[in-house]
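*Asks:* Submitted below is the structure of interest, expressed as structure tokens.
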Amino acid sequence: MSQAPLNYAVFNRDDWSVLVEPPVDRDVSHVTPSVLGEIKAFNDQISMADVAMFYDPLVHYIKLRHAQYLRDREERQRFLGRVTKPSPFVIGIAGSVAVGKSTTARLLQFMLQAEYGEHNVALTTTDGFLLPNDELKAQGLFDRKGFPESYDMPALLEFMNAVKDGEELVRSPKYSHDISDVLVDEFDTFERPEIFIVEGINTLQAAPNSPVYLSDFFDLSIYVDAETELIEHWYLDRFEALLQQTAEADDPDNFFYAWTQVPRQTAIDAAKKVWETVNLPNLVDYILPTRERADLILHKTIGHGIDEVWLRKF
């Protein structure tokens, strides 16, 4: 198991689960197994035990950080002698493909909505800021989809700047995993939520040829971590499950449909090659090196269970 850097405090299940202070009623009954089934990403796993022992204390920690954010904003306004537009408390969630960051983002959104109200907690992903497939192919970047240069980072930074400027309406492009491409002229619109969650593999990265990091716009950053061999296993397991689902749906428009038309082992071998030539280098060279930029790291183990939380000391 990888070791936490020296500037992180490490909490195991028992240590983290009792951190809420003052003691509160640890009722997470609104997060039912049925709700978890709807929230979790495809082929992901999450247990009610992790909800109670890890996510519930994390929600309380976020509430503390949000309250401090509001105090800091008020003090800044007093110092400057001017009133500024309210802006969301932004949470960035990063991690490898197949590590479960989408599930983490959706679960936190659901649990925070129980605290702040449905319309006050928004979620978007950076997938919509990928360059369209046609443009990636034209630039010779299609085989590097997911790498830093495959994103429209100026547009993503502009979006985040509008969010933190407190713009009343912001919108982000939609991405379809069914066709594995950005949807033309389709957007998600957000009306200045109280809390804004931004999830994606690149949320802790710098823009190419720019000193600006996407995380510069975050008030709290979370990295979902696991051993590389486990992530590879989860990636290939998800691929096989997607093959099965696509074969049953028999949808020629689905991105995975072509892989259902070849021998199963041929498709799996191709997925392994994609992992070795695309996802693994991207993880090793660009995603994992940003882990230590996170304020908090959720470390996962076999079965997607969380075994430790690493909390930045300073």
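The values are calculated or read from the model by the stated rules, or taken from the named source; none is laboratory data. Note that the structure is predicted; figures quoted are calculated from it, not measured. In this analysis, Cβ positions are derived from the backbone assuming ideal geometry, glycine residues included, and neighbour counts consider all displayed protein chains. Note: areas computed on protein heavy atoms with side chains; ligands, DNA, RNA excluded. Shrake-Rupley method; radii C 1.70, N 1.55, O 1.52, S 1.80 Å.
*Asks:* Which residues, taken from region 114-133, are not in a helix (DSSP H, G or I) and not β-branched (Val, Ile, Thr)?
*Replies:* Gly117, Ala122, Leu123, Leu130, Leu131, Pro132
*Asks:* Just to be sure I understand, how many residues within region 205-246 are more than 26 Å from Tyr116 (Cα to Cα) and either within 12 Å of the chain's Cα centre (by Cα) or in a loop (DSSP other than H, G, I, E, B) (or both)?
*Replies:* Qualifying residue count for the region: 10.
*Asks:* Output the residues belonging to region 41-51 that are within 22 Å of Trp16 (Cα to Cα) and either part of a loop (DSSP other than H, G, I, E, B) or aromatic (Phe, Trp, Tyr) (or both).
*Replies:* The answer is Gln45, Ile46, Ser47.
Residue by residue, here is whether (1) open to solvent by 30 Å² or more (accessible area, probe 1.4 Å); (2) touching a strand residue (DSSP E or B) at 6+ places or on another chain (Cβ under 7 Å); (3) on the phi < 0 side of the Ramachandran plot; (4) at pLDDT 95 or above holds:
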{"site": "Leu130", "(1), (2), (3), (4)": "no, yes, yes, yes"}
{"site": "Gly146", "(1), (2), (3), (4)": "no, no, no, yes"}
{"site": "Ser150", "(1), (2), (3), (4)": "no, yes, yes, yes"}
{"site": "Leu156", "(1), (2), (3), (4)": "no, no, yes, yes"}
{"site": "Ala162", "(1), (2), (3), (4)": "no, yes, yes, yes"}
{"site": "Lys174", "(1), (2), (3), (4)": "yes, yes, yes, yes"}
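*Asks:* Within region 83-105, how many residues turn out to be part of a loop (DSSP other than H, G, I, E, B) and touching a residue at least 24 places away in the same chain (Cβ under 8 Å)?
*Replies:* Total meeting the criteria: 10.
*Asks:* List every residue pair whose Cβ atoms sit under 7 Å apart, with the two residues 6 or more apart in sequence or on different chains, where the first one lies in region 280-295 and is under 26 Å from Ala9 (Cβ atoms) and modelled with pLDDT of 95 or more and the second, anywhere, is open to solvent by 40 Å² or more (accessible area, probe 1.4 Å) and hydroxyl-bearing (Ser, Thr, Tyr).
*Replies:* Here the result reads Leu283/Thr228, each pair linking region 280-295 to a residue that is open to solvent by 40 Å² or more (accessible area, probe 1.4 Å) and hydroxyl-bearing (Ser, Thr, Tyr).
*Asks:* Name the pairs: first residue in region 178-193 and over 21 Å from Ala122 (Cβ atoms), second residue surrounded by 14 or more Cβ atoms within 10 Å (Cβ to Cβ), Cβ to Cβ under 6 Å, at least 6 apart or on different chains?
*Replies:* Hits for this filter: Asp178/Asn254; Ile179/Phe255; Ser180/Phe255; Asp181/Asn133.
*Asks:* Which numbered condition trips up Ala67, out of (1) under 22 Å from Lys101 (Cβ atoms); (2) modelled with pLDDT of 95 or more?
*Replies:* (1)
*Asks:* Right, next: Being of a type in the set (A, V, I, L, M, F, W, C), under 26 Å from Glu292 (Cβ atoms) and touching a residue at least 40 places away in the same chain (Cβ under 8 Å): is that true of Ile39 here?
*Replies:* The answer is no for Ile39.
*Asks:* Please find, among Leu108, Leu123, the residue that is open to solvent by 30 Å² or more (accessible area, probe 1.4 Å), within 14 Å of the chain's Cα centre (by Cα) and touching a residue at least 24 places away in the same chain (Cβ under 8 Å).
*Replies:* The match here is Leu123.
*Asks:* Follow-up question, since we're still on this one. Give Ala98, Ala41, Ala94 a once-over and let me know the one that is open to solvent by less than 60 Å² (accessible area, probe 1.4 Å), modelled with pLDDT under 90 and in contact with a helix residue (DSSP H, G or I) (Cβ under 8 Å, 6 or more places away or on another chain).
*Replies:* None of the other options fit; the residue is Ala41.
*Asks:* Now for a separate question. Mind listing whichever residues of region 273-314 are touching a Gly at 6+ places or on another chain (Cβ under 6 Å) and farther than 17 Å from Arg238 by Cα?
*Replies:* Asn282, the sole residue that qualifies.
Conditions tested, residue by residue: (1) more than 19 Å from Ala162 (Cβ to Cβ); (2) touching a residue at least 60 places away in the same chain (Cβ under 8 Å); (3) touching a Leu at 6+ places or on another chain (Cβ under 9 Å); (4) open to solvent by less than 60 Å² (accessible area, probe 1.4 Å).
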{"residue": "Val198", "(1), (2), (3), (4)": "no, yes, yes, yes"}
{"residue": "Pro211", "(1), (2), (3), (4)": "yes, no, no, no"}
{"residue": "Leu220", "(1), (2), (3), (4)": "yes, yes, yes, yes"}
{"residue": "Glu227", "(1), (2), (3), (4)": "yes, yes, no, yes"}
{"residue": "Asp237", "(1), (2), (3), (4)": "yes, yes, no, no"}
{"residue": "Leu243", "(1), (2), (3), (4)": "yes, no, no, yes"}
{"residue": "Thr246", "(1), (2), (3), (4)": "yes, no, no, yes"}
{"residue": "Asp253", "(1), (2), (3), (4)": "yes, yes, no, no"}
{"residue": "Tyr257", "(1), (2), (3), (4)": "yes, no, no, yes"}
